[in-house]
Amino acid sequence: MYPRFTSMADPKGDEQVSGERILVVDDSKEVRDFLAGTVLLTEGYIVDVAEDGKNGLKAALEVAPDLIITDQAMPGMTGLELVEHLQKSGLNVPTILMTAEGSEEISVRALRAGVVDYFIKPFDPEKLLSSVHNILTGNARQIDESSPEDLLKGLSNLNAVQLVTILHQIQEPVLVIDPNGKVTLCNLAARSLMNKAEPGEAVVGHSLLDITNNRSLLDIFQYVDGQLVATQEIHLDDGRVLDAHITEIDDIGRVIVMQDITHLQNQARLRNDLVMTISHDLRSPLTTILGCIELIGKIGDLNTKQKLLSDQIRDAVQRTTDLISELLEHHKLETGIEQPREPVLLWQLVRGAAETLAGKADMKKQHLLLDLLEDDLRVMGTPSRLQHVFSNLIDNAIKYTPDGGEISVKIRSEGSEAVCTVSDTGIGIPLDDQPRIFERFYRTSKAADDYEGTGLGLSIVKTIVEQHEGRIWVDSQPNEGTTFTVVLPIRTPDNGSKAERKRSR
Ligand code: ADP
């Protein structure tokens, strides 16, 4: 039995005035006595008390209270730990947490643990009582983070000061502008963007034009074709770059949340410089090496050994050139350098790719079969990039199929999609490797041991296919063969493809 405070009107505790049972957990006797004896008892609640977290947990499990009011900092077990233990035991009791000092970390953890209200000592007992009343009458209940309504209800249990404290502590600038263009909220991080406002001068209630002359921040409120710009980069005088996301909310106005992306931009610039250096500074010496090898052959006859060595140099230069080209292609795709798109006949792309590789297949005495009967299938895309997809798949099929094998390429339509398959009777891909072959630089051990390659081709192919709103997958059996399937949206003359509609918006 836990110490119980009973109402003066009912000294034995038999008659329950309100019927609700509250457990107060606090290591300070003074607080326990005050809350239980003075604040709660006079309202007719049945009140149990416990002097620390561990006893609070035992009491809660035993008496299953309707509400727990617990201190946070207690020896042995904190208030939050008590709530978390109770949750693990399957007992979800609404809890009010009292702390000596507010911290963003505790309030976030408290919300997560299902704490419904949070008071910083000293607090107004009237406010605590009103919160107790709200919780027990069902006006507030535990927060289910997955439900926006519950999240909002939970937030409404935080008082305004706590909410503003959280907003102010957030590192990302947050700004709210009402429908009349006046600032209604500007957290500390956003305050530093208001370069026309004197330090300490209030910005709430002012129009943005009065407090900042940052052009890109002001531009964010422009409507383009009747649509508000949803995201925009904001460049600050000190060189920082922010990525601003703007959301329009009925009756509130526009909410802008900004994220510092300066480091990302710097990284992108460094990567860009690196790729440009590789492509330019490495290609030049490679050209010289290749030129010299050709000249050596012309200066005089090479003996067999010299010829072998110069062939090896030529091959190595070729492999390095391929790697550079693929790295560059990757870079172009990753940086999203847009290339013009147009309706393209699929069979033309596939045939173009197959024709350039027919010589290679011939050299390995392979049969390259094309089934392109559906010759009216159009897709919307960049012809050179799409052709790169089929060239790469056919090239791999030839490379990884032994002499005399068969490569077949088919196109057909399925509903609104064009389906293209590239199959071979080659070495196949072990099941464990199949999910990874589209990763950059990934090669199966057999391929790495016996075949030349960079491991970049399929990752480029996948990126291109996805940029065209398509899908790609592989089916393969080791030592039997491999089939790659590429699916792309068909572009019909009257409606265009989904990709095209999206791009034209
Ligand atoms: P690369 O061929 O330059 O190694 P890719 O990215 O084109 O790089 O392919 C990645 C890996 O997928 C290859 O190294 C190989 O292990 C496997 N692979 C791709 N196509 C085939 C195929 N048709 N048959 C067998 N393995 C393949």
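Extension gain for LEU167 to PHE441 (0.36 nm times residue separation, less C-alpha to C-alpha distance): 94.3 nm.
Toward the positive end of the charge dipole of segment 268-308, with +1 on the Cβ of Lys and Arg and -1 on the Cβ of Asp and Glu, the farthest Cα among GLY297, LEU274, THR287 is that of LEU274.
Quick one: net charge around SER408, please, counting Lys, Arg +1 and Asp, Glu -1 for every other residue with C-beta under 12 Å from its C-beta.
Details: positive: LYS410; negative: ASP371, GLU406, ASP424.
Every neighbour counted, the sum reads -2.
Only the Cβ atoms of Lys and Arg (+1) and of Asp and Glu (-1) were treated as charged; on that basis the dipole of segment 256-413 about its Cα centre amounts to roughly 280 debye. Electrostatic tally near ILE234: other residues with Cβ closer than 15 Å to its Cβ, Lys and Arg +1, Asp and Glu -1, net -3. Remark: the ASP178-LEU328 segment gains 49.3 nm on full extension, using 0.36 nm per residue and subtracting the alpha carbon distance.
Mind putting a number on the dipole of segment 350-390 about its Cα centre? Charges go on the C-beta only, +1 for Lys and Arg and -1 for Asp and Glu, and I need it in Debye to the nearest 20. Write down the numbers at each step before the final one.
Details: 6 positive and 6 negative charges, 61 e Å.
So the dipole magnitude of segment 350-390 works out to roughly 300 debye.
What's the FRET efficiency of ILE296 with ASP238 using the Cβ-Cβ distance as r and R₀ = 60 Å, to the nearest 0.05?
0.60
Taking Cα centre as origin and charging only the Cβ of basic (Lys, Arg, +1) and acidic (Asp, Glu, -1) residues, the dipole magnitude of segment 270-334 rounds to 220 debye. Here the extension length gained between THR320 and LEU308 equals 2.5 nm, from 0.36 nm per residue of separation less the Cα-Cα distance.
Computed over neighbours whose Cβ is under 12 Å from that of LEU208, the net charge equals +1, Lys and Arg +1, Asp and Glu -1. Exceedance of the 32 Å cut-off in Cα-Cα distance is limited, within the set LYS305/LYS399; LYS88/LYS462; LYS364/LYS462; LYS305/LYS462; LYS298/LYS332, to LYS88/LYS462; LYS305/LYS462; LYS298/LYS332. Couplings 3J(HN,Hα) for segment 394-411, derived from phi with the Karplus relation 6.51 cos²θ - 1.76 cosθ + 1.60 (θ = phi - 60°), are 5, 4, 4, 4, 5, 4, 8, 10, x, 3, x, x, 10, 10, 10, 10, 10, 10 Hz, where x marks Gly and Pro. When each of the peptides 71-77, 214-220 is scored by the mean number of other C-beta atoms lying within 10 Å of its residues, the order from highest to lowest reads 71-77, 214-220. Projecting label points 7 angstrom from Cα along Cα→Cβ for VAL204 and ASP475 puts them 6.3 nm apart. Amide H contacts of ILE490 (H built 1.01 Å from N, in plane; Pro and chain starts excluded): GLU417, ALA418 sit under 5 Å, all sequence-distant by 5 or more or on other chains. Along segment 266-271 the Karplus relation, 6.51 cos²θ - 1.76 cosθ + 1.60 evaluated at θ = phi - 60°, assigns HN-Hα couplings of 4, 4, 4, 5, 4, 5 Hz to successive residues, with x for each Gly and Pro. FRET efficiency for the ARG271 to GLN339 pair, using the beta carbon distance and R₀ = 22 Å, is estimated at 0.65.
Listed highest first by mean packing, meaning other Cβ atoms within 10 Å per residue, what order do 355-361, 304-310 come in?
Details: 355-361: 14.1, 304-310: 11.6.
Most protected by this proxy first, the peptides run 355-361, 304-310.
Throughout, read-outs are computed from the coordinates displayed, never taken from laboratory work. This one's a predicted model, so the numbers in the text were calculated from it and none came from an experiment. Here the Cβ is made from the backbone with ideal geometry for all residues, glycine too, and neighbour counts use every protein chain on show.
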